Amino acid sequence: MAKTAARRRHVPQRTCIACRRTDSKRTLVRIVRSKEQGVLVDPTGKLAGRGAYLCADKTCWNKAFKSNALNRALKTTLTEDEVAALRAYADSLPELPVEQDEPALADA
């Protein structure tokens, strides 16, 4: 029998609700709204409830807070305690350098 080429494993893709960048599910941070626990960060990505994804970048989190993207994505209104807990998590994240689409022009 001839060996067949190894099949590539399917990698689930998700979209950041702040910057709209699509990336693999494992590289984004999941926020979940559950009936029992309210809104919280889901490090495993397996908690039951309505989920939303954000990049692991402080600027995306700040943009999501500013634009109420989390409220819309989770179809709820975040309480002050939930916002405080999410902001504490966001403060622990690194601020990644901004990717430039166009190369900088050299001064001539």
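Rule-based calculations on the coordinates, nothing more; no lab input. If you're wondering where the values come from, they're calculated on a predicted model, not measured in any experiment. Backbone-built Cβ (ideal geometry, glycine too); neighbour counts: all protein chains shown.
Using packing as a proxy for protection, rank 81-92, 52-63, 14-25 so that the peptide with the highest average count of other Cβ atoms within 10 Å comes first.
Details: 81-92: 13.7, 52-63: 20.2, 14-25: 15.5.
Order by mean packing, descending: 52-63, 14-25, 81-92.
Cross-chain or 8 or more residues apart, Cα under 17 Å: how many lysine pairs in region 13-91 fit that? Count them up, please. Provide the component values of the computation, followed by the final result.
Values: 25/46; 35/46; 35/75; 58/66; 66/75.
For region 13-91, the number of qualifying lysine pairs is 5.
For a quick check: sort 47, 74 by the number of other beta carbons within 10 angstrom, fewest at the front. Present the calculation step by step, with values, prior to reporting the outcome.
Values: 47 16, 74 19.
With the sparsest Cβ surroundings first, the list reads 47, 74.
Dividing the alpha-carbon Rg of the chain by 2.2 N^0.38 Å yields what? Could you put the intermediate results ahead of the total?
Numbers: Rg = 17.9 Å, N = 108, 2.2 N^0.38 = 13.0 Å.
Normalised Cα radius of gyration, the chain: 1.37.
Can you check what the net charge comes to around residue 62, using other residues whose Cβ is under 12 Å from the Cβ of residue 62 (Lys, Arg +1; Asp, Glu -1)?
On the way: positive: 58, 63, 66, 87; negative: 57, 91, 95.
Charge balance in the 12 Å sphere: +1.
Let me have the relative contact order for the chain, percent, based on Cα pairs under 8 Å that are six or more residues apart.
Working: 127 pairs, mean separation 24.2, N = 108.
It rounds to 22 percent for the chain.
Okay, helix-only estimate at 222 nm for the chain: each DSSP H run of n ≥ 4 adds -39500 (n - 2.57), divide by all residues, round to 500 deg cm²/dmol; what do you get?
On the way: 3 runs with 28 residues, N = 108.
Result for the chain, helices only: -7500 deg cm²/dmol.
Work out the charge dipole of the chain with +1 on the Cβ of Lys and Arg and -1 on the Cβ of Asp and Glu about the Cα centre, then indicate which of 86, 65, 15 is farthest towards its positive end.
Highest projection toward the positive end goes to 15.
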